[in-house]
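Down below is the structure, laid out as structure tokens.
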Protein chains: 2
Amino acid sequence: MDKPQPEHLKSAGLKSTVPRLNILNLFKSGQERHMSAEDVYKHLLASGDDVGLATVYRVLTQFEQAKLLVRHNFEGGKSVFELNQGKHHDHIVCLQCGHVEEFYDAAIESRQKKVASERGFAVHDHSLHIYADCVRKNCPHKR
Amino acid sequence: MDKPQPEHLKSAGLKSTVPRLNILNLFKSGQERHMSAEDVYKHLLASGDDVGLATVYRVLTQFEQAKLLVRHNFEGGKSVFELNQGKHHDHIVCLQCGHVEEFYDAAIESRQKKVASERGFAVHDHSLHIYADCVRKNCPHKR
DNA sequence: ATGCGAATAATAATAGTTCTCATTTGCAAT
DNA sequence: ATTGCAAATGAGAACTATTATTATTCGCAT
């Protein structure tokens, strides 16, 4: 269906290889927005692309450095990645079903900058995760 | 020097044992505010208290559940604990020296609640970590 | 087509944490 | 004070996520 798009890899200084294209396309396909290394590995195997788990880890890290992906460290120890679409956002994670919802709040962002600069810090980065339950009895995000 | 204070353990429904008292007192001593399991383990061994690493992990988790301690998952994968002193706060972590500074911003807190409730989530918890550099050339928080 | 440096796959190794289970301990009831 | 027993501990094995090692393979400029 969708052809590989090596331009993004080349412009990131990465030579275009089969595993890299497969991983990038998996994220671009939009099937699942947030995936761990294990998730990516399983998706690729399931769709017949033979790949090594170590390669998945390496490529995800490279993509993070190339700013193609963003890494998140949610509770639970494992890193989760998502396509970097330019617009920063924070996350609400449902503790019942694991569903991740994104949000952006300008007021929160600007207060953070203020707090940090008042204390003499130059902000690199931040992570804001709200851990919550879907309110309704039948959690709408069952997996 | 400082006597054990079993009241806190009892009221948390935990029977007062030697390792638990030692760990609680270590945090209360205030020497170091933020410690990983490994940190706690080393401190205890260094002060002559023989303890098992598995016990440290177990007790830290129990103390978290009993709300005696708060767990933080900063970048880097390992959990860090601090004494729960009632007042919630967020953290700025200096990427140069690892120093952790605490802050509280009412505006950020209330915006978070608003964002979550608008989306039908009941907030359990949140974590906000700002990763930054101390602005000055000579980072004031050298370790 | 071919050669070389980079990338890969398989596997071993590591770090952080949890589990298992035999032994010990806290403490309530004698 | 002793005893009994459930709960807690310690030692090490096991587990999970991730990184390192290395021989083989691949992308791509020539």
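For segment A:5-43, trypsin sites (Lys or Arg not before Pro) are listed when DSSP marks them as loop and at most 15 other Cβ atoms sit within 10 Å of their Cβ; the list is A:15, A:33. Which angle from 0 to 90°, rounded to the nearest 10, does the C-alpha axis of helix B:37-46 make with the longest principal axis of chain B? Approximately 40 degrees, to the nearest ten.
Calculate what fraction, in whole %, of the accessible area of chain B sits on carbon and sulfur atoms when a 1.4 Å probe is rolled over the protein chains.
Carbon and sulfur atoms account for 51 percent of the accessible area of chain B.
When the C-alpha to C-alpha distance is required to be over 31 Å, the pairs from A:78/A:113; B:10/B:113; A:114/B:78; A:42/B:114; A:15/A:42; B:42/B:114 that qualify are B:10/B:113; A:42/B:114; B:42/B:114.
Over segment A:7-83, what is the mean sequence separation of C-alpha contacts under 8 Å (at least six apart), divided by residue count, expressed as relative contact order in percent? After rounding, I find 30 percent.
Can you tally the net charge around residue B:65? Count Lys and Arg as +1, Asp and Glu as -1, for every other residue whose Cβ sits under 12 Å from the Cβ of residue B:65. With Lys, Arg at +1 and Asp, Glu at -1, the net is +2. The GluC sites (Glu not before Pro) of segment B:18-76 that meet both conditions, a loop assignment by DSSP and at most 16 other Cβ atoms within 10 Å of the site Cβ, are B:32, B:75.
The angle between the Cα long axis of helix B:53-65 and the longest principal axis of the Cα atoms of chain B comes to about 50 degrees, rounded to the nearest 10.
Annotation note: trypsin sites (Lys or Arg not before Pro) in segment B:43-118 located in DSSP loop regions with a Cβ neighbour count of at most 13 within 10 Å are B:67, B:78, B:87.
Between B:69, B:48, B:12, the Cα set farthest toward the positive side of the dipole of segment B:6-83 (charges on each charged residue's Cβ, about the Cα centre) is that of B:12. Shape descriptor for the protein assembly as shown: Rg over Rh equals 1.01 (Cα atoms; Rh from the Kirkwood inverse mean 1/r). Seen against the Cα atoms of chain B and their longest principal axis, helix B:106-118 is set at about 80 degrees. Shown here: chain B, whose C-alpha atoms stretch 46, 44, 26 Å along the first, second and third principal axes, sorted largest to smallest.
The values are calculated or read from the model by the stated rules, or taken from the named source; none is laboratory data. What you are looking at is a predicted structure, and each value in this text was computed from that prediction instead of being measured. Note that each Cβ is placed from the backbone with ideal geometry, even for glycine, and that neighbours are counted across all protein chains shown. In case anyone asks, the SASA skips ligands and DNA or RNA and just uses the protein heavy atoms, side chains included. Shrake-Rupley method; radii C 1.70, N 1.55, O 1.52, S 1.80 Å.
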